[in-house]
Amino acid sequence: MFTVALTGGIASGKSEVERRFAARGVEIIDADLVAREVIAIGTPALQEIVAAFGSRAIGADGALDRRAMRERVFGDADARKRLETIIHPRVRQALQERATAVCSAYGMLVIPLFVESGEYHWVDRVLVVDVPRSVQLERLLDRDGITPELAESMLDAQATREQRLAIADDVIDNSAELASLDDKVENLHQSYLSLASNKSVR
Ligand code: ATP
């Protein structure tokens, strides 16, 4: 199955791009949703997290206390690494299984932390939604109404624009008005359809 990974920094416009591919019939698999399933109540991943971080990782409802964990790993690189070592490989495996089962001509994985979360050698194309940092900040502030300091620190916690562009096969420049996204998505969609049909006859 031909698979495209869609990534981009926070508030770069991934959801806007994703919606336009979905409207063209492309099956979308959201890594954030898969990550939630992987650590749901009763999963081996959640048990491992409790073994590593103690019962404070769990809320009263028995589910992962995401806020407590965020605070626990914030500023503690070792703890963050331990948590990611439990979660990321499982997410990668689940995404690969889902990608294999896609029914549309090709599938699209939306992986916000693609650069940060490791090896996806089985993905056919990496599509990066790109905007300058200043545009990202402006849209993040507009959308989420947070402080400029928090917005800056959220951007700093992610891979840089250069790191993302370095692994891109395709780039959508989303610095112009929204209306201009449709043509860009349509061009890429046609190209992916063609690449997907070439792959399926190989
Ligand atoms: P996140 O990383 O938080 O999931 P995202 O990458 O999915 O964000 P979007 O939510 O699609 O980003 O876009 C961020 C905000 O910027 C939204 O309010 C969206 O409507 C707006 N936006 C996206 N693209 C454009 C554009 N080309 N022009 C103006 N506004 C835009």
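The values are calculated or read from the model by the stated rules, or taken from the named source; none is laboratory data. Predicted, not measured: the structure shown is a model, and the values here were computed from it. Methodologically, a virtual Cβ is constructed for each residue, glycine included, from the backbone with ideal geometry; neighbour enumeration extends over all protein chains shown. These accessible areas exclude ligands, DNA and RNA; they are computed on the full protein's heavy atoms, side chains included. Shrake-Rupley method; radii C 1.70, N 1.55, O 1.52, S 1.80 Å.
Okay, here's what the table says:
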| read-out | value |
| --- | --- |
| In the stretch 74-93, the residues that are open to solvent by less than 80 Å² (accessible area, probe 1.4 Å) and under 24 Å from residue 12 (Cβ atoms) | 84, 87, 88, 91, 92 |
| Check on residue 16, among the charged types (D, E, K, R), open to solvent by 10 Å² or more (accessible area, probe 1.4 Å) and away from the ligand (no atom under 16 Å from the Cβ) | no |
| Long-range neighbours under 8 Å by Cβ, at least six apart or interchain, first residue without any contact (Cβ under 8 Å) to a residue 40 or more places away in the chain within the stretch 180-202, second open to solvent by 60 Å² or more (accessible area, probe 1.4 Å) | 184/173 |
| Selection status of residue 52, more than 10 Å from the ligand (Cβ to nearest atom), open to solvent by less than 20 Å² (accessible area, probe 1.4 Å) and assigned to a helix (DSSP H, G or I) | no |
| Scan of the stretch 94-139 for residues that are at pLDDT below 95, more than 21 Å from residue 196 (Cα to Cα) and away from the ligand (no atom under 16 Å from the Cβ), ordered by number | 118, 119 |
| Which listed residue is small (Gly, Ala, Ser) and surrounded by fewer than 18 Cβ atoms within 10 Å (Cβ to Cβ), from 22, 57 | 22 |
| Residues of the stretch 173-185 satisfying the condition of being in contact with a helix residue (DSSP H, G or I) (Cβ under 8 Å, 6 or more places away or on another chain) and open to solvent by less than 70 Å² (accessible area, probe 1.4 Å) | 174, 175, 181, 182, 185 |
| Any hit, the stretch 102-112, residues being open to solvent by 50 Å² or more (accessible area, probe 1.4 Å) and either closer than 22 Å to residue 154 by Cβ or over 19 Å from the mean Cα position of the chain (by Cα) (or both) | yes |
